[in-house]
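A short worksheet on the structure shown next.
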Amino acid sequence: MDEAGEDTSVLVKNACKKYSNNLVLHGVNIHVKEGTIYSLLGPSGCGKTTLLSVLVGRVKLDMGTIHMSVRDKEEIGYMPQALTLYQEFSIKEHMTFYGNLYSMDSALIKERTNLLLKLLDLPSRECVISKMSGGQQRRISLCIALLHNPRLLILDEPTVGLDIILCHNIWQYLFKISEDEKKTIIITTHYFEEARHSHTIGLMRYGRILAEDEPNHLMEVQNCETLEQVFLILCTEDELREKEIHDKELIKTKQTPHLNESGILNFTRIYAFMLKNLFWMKRNIPMMLFTLVLPIVQCTLISVTVGEDPAGLKVGVVNDEFLEENGICPSEPHISCTSNATMSCQYLRKLLGKSLQIVDYSNLDFAQQDLQKNNVWGVLYFNNNFTECLLKRLLLKVIPSDDVIYGSEIKVWLDSSNQVIREVLQKHITGALVEVTSDVLKKCSSSIRSTHTLISYQKPVYGVMDQSFRQFMTPANAVLFEFFLPLMFTVGAMLTEKTSGLLERCVIAGLSLMEIGVGHIILQMLILIIQTAFLMIVLFCIFDNPLSENLTFCLILLLCVGICGMFYGLFIAAICRSFTTASFLAIGSYFPLFMLSGVLWPVEGMHYILRYASRMLPITSSIESFRALSFGSRQPAHPIVYGAFISLSLWSTSLCVSTYLVVKHYGLKGQ
Ligand SMILES: Nc1ncnc2c1ncn2[C@@H]1O[C@H](COP(=O)(O)OP(=O)(O)OP(=O)(O)O)[C@@H](O)[C@H]1O
């Protein structure tokens, strides 16, 4: 405070601030003495709030200097113009949160709360904010600013909407603390009359201080009876000077912060932030239950709806081998090595065993008409000499004639409009034939070797032979959930606070970005652990998906995916100013990630440019890694497995750094 006197609390010189092309502060000078009340008066939009925001370190000046006798944020009590209250919290919860943020002990919090509630005529501490009137809510906001008994009070329109008696009480209290406790108070107001009793007033217009003096002295000099009259005279004089001032050039200068940073990590403040989030959870139990139950519901739904072979598909059969029985097989078909066997019926029994429904037709035309009408998914036709030709083809050691080949063929017409059903039918139709021919060869062939096919699949090196589509999808689903659940929760939690100005108020009260991050990560991790436990129980205990022996490693991988999702959520919350844009961005990210990360289809099946893009995405390598751990029993040292950790670390670090830079540059302002 070299340039200012010892009794100076705040000294602002030549302060200039420009928003885009709007010069909001034009060389503002104010001088506030220690232990006095300074009222800033002026019409709406003249820059009062901007000036206060500069003083509390929320907005940076483009030009000018600020000197303040207080250096620590904890020594300032700030009441913003907006209410910035947690609507679902009680008064007590608010006071506990802010009291802990200012490192007050619980006895002191209680004592100060009781005193302020009485002074401001507020209801009991248990009362919830959303059930209070607008005026009561404004007084709660004032209580928060006064709670830690700061040296400097900066109050943005604290008396708006309050009745005369309450305004009088508040001013009386402010006078008392300024005189008895030497507190300095800077207050903005639209009401000239109430400001009349302050020690100094600054009359402001279009971002400039027109006059700064004791109210009575100002009225005396201008020979007026009211401050309104003084203001009108000063405005008229000011209009003549306006042009000259507008042309003044703004030279941006590097600003040194006038307040100390409140330290990067303070565990009391982290505790306060977490406590506040716990209050929020307690007040939003249905929402929390939904968050916890969502993975259970989603995993159950996916497990019961995706990946199992469709059953009960109807297939029409025209069996000319049994023309005289209307194409219907005898109830006890038998296998023999002579032509009186009933191979077509053996085959159909195998098909029935594969959960297909067989509809018999006596005529191929009728069957095909039903296929056209979508009554059946396919039609199978057996020649009248099917068994004879098949046995000849399988057992005679001569090259079969064309007639034999033709007669032993099963003719199949399929409805191929549904690719999955077509493939399932093809698999069953071919599989049943392989089983029947293999039975025949076993029974009738002298050489056992001839029952072997030309390709023999050995036990898979990694994975299982009959992996279902559901099992293929399960690791991908687990990773997707782990990424998106924390993402959505983080976006919701952070944007609620950001858009309502709550986060900014906490930062002005001394909470650092790092503390907000750490507090959020700790709580989010707790929720994530519970969600992961539910997800694992559903996917791997209730449903028979293969789980890696390396369970700990799988869990670590999933938690890392969750942390990455959370950082992505923080990034979205930092760059978006409204829920609408954030929701679009979050949902908009879901679909490309779902399609490009190999959830549904192997990455190798994509266009080669997309394959490179896919490898860059945050969850592609995690899905591969989880699949490798689950099906391949691969070890952590395998590149597929540890590659996921490298990818997740890179993504998490870059998202974290980007979020920090965005917040540093654009601040925490919501809409
Ligand atoms: N973040 C911002 N970006 C761009 N312009 C802004 C921003 N904040 C304020 N302004 C503009 O700066 C000017 C001064 O706003 P400010 O809120 O400081 O006025 P005020 O005197 O406090 O008004 P009121 O009494 O209505 O609160 C206004 O024209 C406003 O539109």
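In this structure, residue 559 qualifies as more than 30 Å from residue 58 (Cα to Cα), at pLDDT 90 or above, hydrophobic (A, V, I, L, M, F, W, C) and surrounded by 15 or more Cβ atoms within 10 Å (Cβ to Cβ).
Just so you know, in the stretch 151-170 the residues that are more than 16 Å from the ligand (Cβ to nearest atom) and at pLDDT 90 or above include one that is surrounded by the most Cβ atoms within 10 Å (Cβ to Cβ), and it is 153.
Identify, from the list 148, 94, the residue that is part of a loop (DSSP other than H, G, I, E, B), away from the ligand (no atom under 15 Å from the Cβ) and at negative phi. Break it down stepwise before answering.
Working: 94 fails: part of a loop (DSSP other than H, G, I, E, B).
Going through 148, 94 in turn, the sole match is 148.
Just so you know, in the stretch 328-367 the residues that are of a type in the set (Gly, Ala, Ser) and closer than 17 Å to residue 388 by Cα include one that is modelled with the lowest pLDDT, and it is 339. Taking the listed residues 436, 420, 440, the one that is hydrophobic (A, V, I, L, M, F, W, C) and under 46 Å from the mean Cα position of the chain (by Cα) is 420, with no other qualifying.
Okay, residues lined up against (1) closer than 30 Å to residue 512 by Cα; (2) touching a residue at least 40 places away in the same chain (Cβ under 8 Å); (3) in a helix (DSSP H, G or I); (4) of a type in the set (A, V, I, L, M, F, W, C):
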site	(1), (2), (3), (4)
577	yes, yes, no, no
591	no, no, yes, yes
599	no, yes, no, yes
615	no, no, yes, no
645	yes, yes, yes, yes
656	yes, yes, yes, yes
662	yes, yes, yes, yes
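Set side by side, the residues 369, 346 differ, and just one is in a helix (DSSP H, G or I) and surrounded by fewer than 17 Cβ atoms within 10 Å (Cβ to Cβ), which is 369.
Restricting attention to the stretch 71-85, the residues that are in a loop (DSSP other than H, G, I, E, B) and at pLDDT 90 or above total 2.
As a summary of the residue check, residue 634 satisfies the conditions (1) of a type in the set (Lys, Arg); (2) crowded, with 18+ Cβ neighbours inside 10 Å; (3) not in a loop (DSSP other than H, G, I, E, B) except for the one numbered (3). Cβ-Cβ contacts under 9 Å between residues 6 or more apart (or on different chains), taken from a first residue in the stretch 33-51 that is in contact (Cβ under 8 Å) with a residue 12 or more places away in the chain and among the polar types (S, T, N, Q) to a second residue that is assigned to a loop (DSSP other than H, G, I, E, B) and within 6 Å of the ligand (Cβ to nearest atom), are listed as 49/81. Before we move on, is residue 9 more than 9 Å from the ligand (Cβ to nearest atom), hydroxyl-bearing (Ser, Thr, Tyr), outside any helix (DSSP H, G or I) and at negative phi? Yes.
Where residues in the stretch 23-56 are within 15 Å of the ligand (Cβ to nearest atom) and part of a loop (DSSP other than H, G, I, E, B), which of them is surrounded by the fewest Cβ atoms within 10 Å (Cβ to Cβ)? Here the residue is 44. Considered as a group, the residues in the stretch 642-671 that are farther than 22 Å from residue 493 by Cβ and touching an Asp or Glu at 6+ places or on another chain (Cβ under 9 Å) include one that is modelled with the lowest pLDDT, and that residue is 643.
Of the residues that make up the stretch 243-266, is at least one surrounded by fewer than 18 Cβ atoms within 10 Å (Cβ to Cβ) and modelled with pLDDT of 85 or more? Yes; the residues of the stretch 243-266 include at least one that is surrounded by fewer than 18 Cβ atoms within 10 Å (Cβ to Cβ) and modelled with pLDDT of 85 or more. Consider residue 627 carefully, then state whether it is at pLDDT below 90 and part of a helix (DSSP H, G or I). Criteria met by residue 627.
Scan the stretch 501-547 residue by residue and report those that are of a type in the set (Gly, Ala, Ser) and surrounded by fewer than 17 Cβ atoms within 10 Å (Cβ to Cβ). Within the stretch 501-547, 533 is the sole residue that qualifies. The conditions of being within 15 Å of the ligand (Cβ to nearest atom), among the hydrophobic types (A, V, I, L, M, F, W, C), at pLDDT 90 or above and under 41 Å from the mean Cα position of the chain (by Cα) are not met by residue 59.
Residue check, residue 191 against (1) within 16 Å of the ligand (Cβ to nearest atom); (2) over 46 Å from the mean Cα position of the chain (by Cα); (3) surrounded by fewer than 23 Cβ atoms within 10 Å (Cβ to Cβ), all met but one. Which one? Checking residue 191 against (1) within 16 Å of the ligand (Cβ to nearest atom); (2) over 46 Å from the mean Cα position of the chain (by Cα); (3) surrounded by fewer than 23 Cβ atoms within 10 Å (Cβ to Cβ), the one that fails is (2). On inspection, residue 225 fails the criterion of being more than 24 Å from residue 53 (Cβ to Cβ), modelled with pLDDT of 90 or more and either more than 16 Å from the ligand (Cβ to nearest atom) or of a type in the set (A, V, I, L, M) (or both).
In the stretch 185-213, which residues are assigned to a helix (DSSP H, G or I) and touching a Pro at 6+ places or on another chain (Cβ under 8 Å)?
First, the residues of the stretch 185-213 that are assigned to a helix (DSSP H, G or I): 192-195.
The one that is assigned to a helix (DSSP H, G or I) and touching a Pro at 6+ places or on another chain (Cβ under 8 Å): 195.
Take residue 491 and decide whether it is within 29 Å of residue 80 (Cα to Cα), touching a Leu at 6+ places or on another chain (Cβ under 9 Å) and buried (at least 22 other Cβ atoms within 10 Å of the Cβ). Here the answer is yes, as residue 491 does meet what is asked.
For the stretch 379-401, enumerate the residues that are without any contact (Cβ under 8 Å) to a residue 24 or more places away in the chain and not in a loop (DSSP other than H, G, I, E, B). Lay out the reasoning, then the answer.
Looking only at the stretch 379-401, we keep the residues that are without any contact (Cβ under 8 Å) to a residue 24 or more places away in the chain, and these are 389, 392-393, 396-401.
Selection gives 389, 392, 393.
Looking across the stretch 74-85 at every residue that is more than 16 Å from the ligand (Cβ to nearest atom) and crowded, with 21+ Cβ neighbours inside 10 Å, the one that is nearest to the chain's Cα centre (by Cα) is identified as 85. Only one of the numbered conditions (1) surrounded by 12 or more Cβ atoms within 10 Å (Cβ to Cβ); (2) at pLDDT below 90 is not met by residue 422, and that is (2).
The values are calculated or read from the model by the stated rules, or taken from the named source; none is laboratory data. Keep in mind that what you see is a predicted model, and the values were worked out from it rather than measured. Cβ: placed from backbone, ideal geometry, glycine included. Neighbour counts: every protein chain shown.
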